1. Can you sort Glu238, Glu170 from fewest to most other Cβ atoms within 10 Å of each residue's own Cβ?
2. Give, rounded to the nearest 20 debye, the magnitude of the charge dipole that segment 273-363 has about its Cα centre when Lys and Arg contribute +1 at Cβ and Asp and Glu contribute -1 at Cβ.
3. Counting other beta carbons within 10 Å of each Cβ, put Asp132, Asp199 in order, fewest first.
4. Which whole-angstrom value gives the distance between the alpha carbon centres of segment 231-292 and segment 184-210?
5. Compare the Cα positions of Tyr311, Ser328, Pro265 along the charge dipole of segment 236-354 (+1 at Cβ of Lys, Arg; -1 at Cβ of Asp, Glu; about the Cα centre) and return the one farthest towards the positive end.
6. If you place +1 on the Cβ of every Lys and Arg and -1 on the Cβ of every Asp and Glu, how big does the dipole about the Cα centre of segment 173-321 come out, in debye to the nearest 20?
7. Give me the mean projected area, in nm² to one decimal, of the convex hull enclosing the Cα positions of segment 117-262.
8. Using modelled amide H (1.01 Å from N, peptide plane; none on Pro or chain starts), what sits under 5 Å from the amide H of Ile220, excluding residues fewer than 5 places away?
Amino acid sequence: MGTNNIASLLQRLRQRKLFQWALAYLAGAWLVFQGIEVLAEPWNLSQSIIRAIHVLLGIGFVLALVLAWYHGEKGRQRVSGPELVMVAALLVIAGAALSLVRVGDEAPSTTATFASPGAEAERPAIAVLPCDNISPNPEDAYLADGIHEEILLRLSRIQSLTSIGRKSVEWYRDNPRPIRVMAAELGVGSVGECSMRKDADQNQIRLTFQLLDARTGGQIWAENYDRDLTAGNLLEMESDLAQRIARSLRAVLTPEERARIEAVPTENLEAYDYYLRGRHFWIQRSLAAFDSAIRYYNRAVLLDPDYARAYAALAETYVLLPEYGGPSIPEILPLAKAATDRALTLDRGLAEAYAASAWAYTIWPVPVF
């Protein structure tokens with residue numbers, strides 16, 4: 001290509017503002033990537049959803065360049081035949097790519113296979129099923145749900161281990177499968193099962209957990225935790241379980257991960273109980289449930305003003321209210337900001353607080369955090 005042709009091409013690119021379109025799109029995509037990275041753990045985004053977003057962003061970049069080429073230059077707003085063909089082709093590619101992505105909330109494909117032995121040895125994967133409430137009081141289900149979520153939270157902090165998110169495993173609560181089939185659908189090598197029983201006097205708890213080999217369905221180990229019902233004992237059981245699972249699967253914990261897993265966010269049992277009740281309602285995703293969650297979180301921080309995770313949970317709930325028909329964004333963001341600031345003042349490394357802040361950025365264009 002001659003010098004004149006190159007100069008002509010560059011001139012046409014400048015006229016159509018192709019570089020500006022590309023940079024603007026890449027900047028926006030980078031912000032989306034950062035938001036996904038922060039939100040993936042606290043919001044339990046499945047790998048299928050994350051891959052789908054990546055596919056759409058990649059195809060969207062090509063589509064943005066097509067639109068820039070045909071519409072970036074003033075006066076060139078008519079849609080041409082080649083443009084329509086390219087857009088149609090990109091949509092077909094997007095549809096084909098997304099058809100290969102399994103969405104976590106849907107029934108997993110029965111044709112899925114186990115993770116390969118090499119991949120499993122390199123980064124083992126586990127699915128911990130929802131914890132069954134076998135207490136005399138059915139209302140203690142909130143405690144079983146809270147224990148399950150706390151175990152998942154601790155496992156998610158181990159970078160050398162893959163833990164399937166809550167939404168994916170909850171599907172099996174109402175759709176039971178044989179262990180081998182379920183593990184194949186989720187692509188894991190191990191499955192955890194747990195049950196919780198609180199005695200009628202409400203002062204003791206038994207947590208039973210067993211780790212199963214997904215390929216054989218056989219038990220690797222099982223443990224009963226019989227403890228007096230205190231916040232410290234509950235948190236110690238959850239921490240011990242997470243570390244024992246990691247050791248069994250030969251996952252390596254860094255000193256920072258171990259410290260985060262062993263951290264005790266509160267010693268106040270009543271505050272912890274209110275926090276777990278709040279989480280129980282928070283995962284139900286409705287305006288009425290969010291109102292109940294906020295009420296319980298506020299009780300938790302009233303009892304323990306240094307309970308950073310309860311403040312972060314408040315912020316996570318506040319930022320969702322407008323999406324579910326609650327107060328408007330300008331009304332709710334000051335409350336979310338105050339809760340986030342308090343959480344980060346108490347714990348600068350709290351992922352849940354950063355997740356709430358990132359979510360606020362996605363729904364409000366003006367920096368508020």
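1. Listing Glu238, Glu170 from fewest to most nearby Cβ atoms yields Glu170, Glu238.
2. Roughly 100 debye for segment 273-363.
3. Fewest-to-most ranking of Asp132, Asp199: Asp199, Asp132.
4. 14 Å
5. Ranked along the dipole, the leading option is Ser328.
6. Result for segment 173-321 is approximately 580 debye, rounded to the nearest 20.
7. 8.3 nm²
8. Sorted by chain and number, the residues that satisfy this are Leu211, Leu212, Asp213.
Read the figures in this text as sums done on the coordinates, not as results from a lab. Predicted model only: the values in this text are computed from it and were never measured. Every residue, glycine as well, gets a Cβ built from its backbone with ideal geometry; the counts of neighbours run over all protein chains shown.
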